[in-house]
Amino acid sequence: MAKINQPLPWEFNSDKPFLPISYEGEVIGFCRSDYASQIVETLNDDDKLRKALYLACYDLIARSGGSRSSINELMQQYIAKSNPPQARNGCDRPSVERASGRPRSNR
């Protein structure tokens, strides 16, 4: 027999206001006020870091005599290098050589 007091799939709570988040003047979504400032701050920090990475890559390419068309490629290489390695399971660790030259076991 079905329960009588099951929660409805759609509901609203007027006590939790949602704030609009916009990007370059366009509203892209809404979120709770207690998360909005942290989300916007994180996204703005990401934008600043990408601009800094672009400038650093631009300087490296300019000093090495490369073309401006390779800046984005160099940026992608650095972003790929900064990603943490993907482990197949929680126990996988790279083998590290000991001072004796013998590999250390992965236990």
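The values are calculated or read from the model by the stated rules, or taken from the named source; none is laboratory data. Predicted model only: the values in this text are computed from it and were never measured. Don't worry about glycine lacking a Cβ; one is built from the backbone with ideal geometry, like all the others, and counts go over all protein chains shown. For accessibility, only protein heavy atoms count, side chains too; no ligands or nucleic acids. Shrake-Rupley method; radii C 1.70, N 1.55, O 1.52, S 1.80 Å.
Just a few scattered comments:
- Residues in segment 39-70 that a label on residue 28 would reach, taking backbone N under 19 Å of a point 7 Å out along Cα→Cβ: 39-54
- Isotropically averaged projected area of segment 1-86, using the convex hull of Cα atoms (one quarter of hull area), nm²: 11.4 nm²
- Spacing of the modelled spin labels on residue 78 and residue 39, each 7 Å from Cα toward Cβ, amounts to 2.9 nm.
- Heavy-atom accessible area, probed at 1.4 angstrom with all protein chains present, ranks 73, 11 as 11, 73, highest first.
- Legend: residues 28, 61, 79, 4, sorted from most to least accessible area (1.4 Å probe; ligands, DNA and RNA excluded), read 4, 28, 79, 61.
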